[in-house]
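Okay, structure first, notes after.
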Amino acid sequence: MTKFFIFNVVLNFAIAFLVYSAIMSYQASNHLFLFISIALLVVLIYLKVVLLKVVKKDAAKRSTEKVDLPAKKKKK
(Lines give C-alpha, C1' and ligand atoms only; values in the text may rest on other atoms or scores of the structure.)
Protein backbone atom coordinates (compact mmCIF):
# COMPACT_ATOMS: atom_id res chain seq x y z
CA MET A 1 0.00 0.00 0.00
CA THR A 2 2.87 2.41 0.61
CA LYS A 3 3.87 2.00 -3.03
CA PHE A 4 0.42 3.20 -4.09
CA PHE A 5 0.53 6.07 -1.60
CA ILE A 6 3.91 7.30 -2.86
CA PHE A 7 2.80 6.97 -6.48
CA ASN A 8 -0.35 8.96 -5.69
CA VAL A 9 1.67 11.77 -4.06
CA VAL A 10 4.03 11.93 -7.03
CA LEU A 11 1.07 12.03 -9.44
CA ASN A 12 -0.54 14.85 -7.47
CA PHE A 13 2.63 16.95 -7.57
CA ALA A 14 3.11 16.26 -11.28
CA ILE A 15 -0.50 17.20 -12.06
CA ALA A 16 -0.22 20.41 -10.05
CA PHE A 17 3.06 21.29 -11.79
CA LEU A 18 1.60 20.66 -15.25
CA VAL A 19 -1.47 22.77 -14.50
CA TYR A 20 0.81 25.60 -13.39
CA SER A 21 3.00 25.07 -16.45
CA ALA A 22 -0.03 25.19 -18.75
CA ILE A 23 -1.26 28.41 -17.16
CA MET A 24 2.14 30.08 -17.43
CA SER A 25 2.67 28.97 -21.03
CA TYR A 26 -0.81 30.24 -21.95
CA GLN A 27 -0.03 33.62 -20.42
CA ALA A 28 3.28 33.75 -22.27
CA SER A 29 1.59 32.72 -25.55
CA ASN A 30 3.91 29.76 -25.88
CA HIS A 31 1.59 27.29 -27.57
CA LEU A 32 4.09 24.48 -27.97
CA PHE A 33 4.61 24.12 -24.23
CA LEU A 34 0.90 24.59 -23.65
CA PHE A 35 0.00 21.66 -25.89
CA ILE A 36 2.75 19.50 -24.40
CA SER A 37 1.52 20.33 -20.89
CA ILE A 38 -2.06 19.50 -21.76
CA ALA A 39 -1.06 16.21 -23.39
CA LEU A 40 1.00 15.16 -20.36
CA LEU A 41 -1.79 16.30 -18.06
CA VAL A 42 -4.25 13.99 -19.83
CA VAL A 43 -1.85 11.07 -19.47
CA LEU A 44 -1.28 11.73 -15.76
CA ILE A 45 -4.99 12.06 -15.06
CA TYR A 46 -5.53 8.73 -16.83
CA LEU A 47 -2.82 7.15 -14.66
CA LYS A 48 -4.48 8.62 -11.56
CA VAL A 49 -7.85 7.09 -12.49
CA VAL A 50 -6.23 3.71 -13.11
CA LEU A 51 -4.40 3.94 -9.78
CA LEU A 52 -7.65 4.71 -7.96
CA LYS A 53 -9.29 1.66 -9.56
CA VAL A 54 -6.39 -0.57 -8.55
CA VAL A 55 -6.43 0.71 -4.97
CA LYS A 56 -10.20 0.25 -4.73
CA LYS A 57 -9.92 -3.32 -6.01
CA ASP A 58 -7.03 -4.06 -3.64
CA ALA A 59 -8.92 -2.61 -0.67
CA ALA A 60 -11.99 -4.71 -1.47
CA LYS A 61 -9.82 -7.82 -1.78
CA ARG A 62 -8.14 -7.14 1.56
CA SER A 63 -11.47 -6.55 3.31
CA THR A 64 -12.88 -9.85 2.04
CA GLU A 65 -9.73 -11.67 3.14
CA LYS A 66 -10.09 -10.26 6.66
CA VAL A 67 -13.71 -11.39 6.80
CA ASP A 68 -12.92 -14.89 5.48
CA LEU A 69 -9.97 -15.61 7.81
CA PRO A 70 -11.92 -15.91 11.11
CA ALA A 71 -14.57 -18.07 9.43
CA LYS A 72 -11.92 -20.55 8.25
CA LYS A 73 -10.36 -20.78 11.70
CA LYS A 74 -13.73 -21.62 13.31
CA LYS A 75 -14.26 -24.57 10.96
CA LYS A 76 -10.97 -26.21 11.98
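Data overview
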| quantity | calculated |
| --- | --- |
| Residue within the stretch 19-36 that is surrounded by 14 or more Cβ atoms within 10 Å (Cβ to Cβ) and under 14 Å from the mean Cα position of the chain (by Cα) present | no |
| Hits in the stretch 37-54 - residues which are basic (K, R) and open to solvent by 70 Å² or more (accessible area, probe 1.4 Å) | K53 |
| Cross-chain or 6+ apart pairs with Cβ under 8 Å, the stretch 34-48 first and without any contact (Cβ under 8 Å) to a residue 60 or more places away in the chain, then open to solvent by 90 Å² or more (accessible area, probe 1.4 Å) | L34/Y26 |
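The values are calculated or read from the model by the stated rules, or taken from the named source; none is laboratory data. Predicted, not measured: the structure shown is a model, and the values here were computed from it. A quick note on method: Cβ atoms are made from the backbone with ideal geometry, for glycine too, and the neighbour counts reach across all protein chains shown. The protein model used for the area step is the full one, side chains on, heavy atoms only, and it has no ligands, DNA or RNA in it. Shrake-Rupley method; radii C 1.70, N 1.55, O 1.52, S 1.80 Å.
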